[in-house]
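First comes the structure, then the notes that go with it.
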Amino acid sequence: MQTRLTKLLGIQYPVLMAPMFLVSNVAMVKAAAANGIAGCIPALNYRSNQELRKAMTELQAAEICYGINLIVNKSNYKFQDQLNLVLEFKVPFVITSLGNPSKVIEACKPKGIIVFCDVSTIEYAHKAAALKPDGLIAVTNQAGGHLGPLAPQELVPELIRLFPDLLIISAGGVGDYKSLNEKLELGVDGVSIGTVFIASEEADVCIEYKQACVDYSAKDIVCTNKLSGIPCTVINTEYVKKIGTQQNALQKLLSKNKTLKKWFKLWTYKRGMDTLYNSAFDAGYHNVWCAGTTIEYIDAIRPVSEIVKRIVGKK
Ligand SMILES: Cc1cc2nc3c(=O)[nH]c(=O)nc-3n(C[C@H](O)[C@H](O)[C@H](O)COP(=O)(O)O)c2cc1C
């Protein structure tokens, strides 16, 4: 299973433990490294700079390969502080998502920090590739979270053909050894896997969220644009059924209104993130749990080591 990704990151298997808002933590990333893959944490999982610094200090002390995920669009008002910390700690790799990654690439590359950019369309991939990152992460329509519009078979081979010098990593749809190999057969340098790690013992999210990943299956995953304004996969809980997955007429109007749309989008995003936060750590009736269709592969809450072993086919 040696690929350009395993060589670049010095890992055993061509697998990234994908960054997951509210879910990823230091314990998971350390367990990932101990089992031959590399994990990545969204900087936004830390409410303050001090907390992010503490997590990075711990990861640095562990002397492992790890990544930090930076949301690069305007909704992330902590972006510059987070980037400064990434540079100060010279983190091994960064994954950019949701916006223009130019500032990250310009600042990180001279310092030798590896940068991968999330892309979900060919048009956007051209823009990101022109900035010369180390690789592109193909966010496909099988991914959990903010999924893309294209199937892996459409997006991945085209990225490989267009950008032979960049590493291409496929995100979405992997939960076991068979599905890992299906993606590797497309010619990718690696895969990025999120959902199946939600139900890990190391995750800090509440037991109800983890158990829901065990109990629900792929057919229960729906796409909502009510959380961030961008399509996002969630488990179709009773509460999600009640509130629906589409913005109502007034919300649609506000998101198109010239003067109000900027504020409305920020407000929607903030409200959506608060809902996800409350559901992830304190389950009640208002449960909105983000997960992808790969919950199909989850049959128990397990340690990260076991989840990785199942994926890489290690006994
Ligand atoms: C609960 C959850 C939260 C996520 N949060 C983020 C995030 O903060 N940043 C990001 O770039 N991607 C995020 N993603 C997307 C993942 O990084 C990755 O693309 C996806 O999990 C791959 O698909 P899979 O869930 O089928 O493995 C999230 C996915 C999930 C399931």
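Of note:
- Convex hull volume per residue, computed on the Cα atoms of the chain, equals 126 Å³.
- Applying the criteria of a DSSP loop state and at most 11 other Cβ atoms within 10 Å to the GluC sites (Glu not before Pro) of region 16-87 yields E63.
- Ranked by the mean number of other Cβ atoms within 10 Å of their residues, highest first, the peptides 146-155, 253-262 fall in the order 146-155, 253-262.
- Only protein atoms count toward the accessible area here, which uses a 1.4 Å probe; on region 137-190, the carbon and sulfur part of that area reaches 51 percent.
- DSSP loop chymotrypsin sites (Phe, Trp or Tyr not before Pro) with at most 13 other Cβ within 10 Å excluded, longest remaining stretch of the chain: 78-284
- Between S102 and R161, the C-beta separation translates, for a Förster distance of 30 Å, into a calculated FRET efficiency of about 0.80.
- Of K7/K309; K242/K265; K103/K127; K54/K78; K78/K127, those spanning more than 18 Å from alpha-carbon to alpha-carbon: K7/K309; K242/K265; K78/K127
- Shape summary: region 207-294 maps onto an equivalent ellipsoid whose semi-axes, from the alpha-carbon gyration tensor, are 26, 13, 10 Å in decreasing order.
- The distance from the alpha carbon centre of region 24-75 to that of region 245-315 is 19 Å, rounded to a whole number.
- Within the accessible area of region 207-294 (1.4 Å probe), percent carbon and sulfur: 59 percent
- Taking the DSSP bridge list for the chain and keeping only pairs wholly inside it, about 15 percent are antiparallel.
- Whole-Å distance, taken between Cα centres, linking region 132-150 and region 158-212: 10 Å
- Rolling a 1.4 Å probe over the heavy atoms of the protein chains gives the chain an accessible area of 46 Å² per residue.
- Normalised contact order of the chain, rounded percent, pairs of Cα under 8 Å and 6 or more residues apart: 17 percent
The values are calculated or read from the model by the stated rules, or taken from the named source; none is laboratory data. What you see is a predicted model; the values in this text were computed from it and never measured. Because the Cβ atoms are built from the backbone with ideal geometry, glycine has one as well, and the counts that use them run over all protein chains shown. Surface accessibility is based on the protein's heavy atoms, side chains included, excluding ligands, DNA and RNA. Shrake-Rupley method; radii C 1.70, N 1.55, O 1.52, S 1.80 Å.
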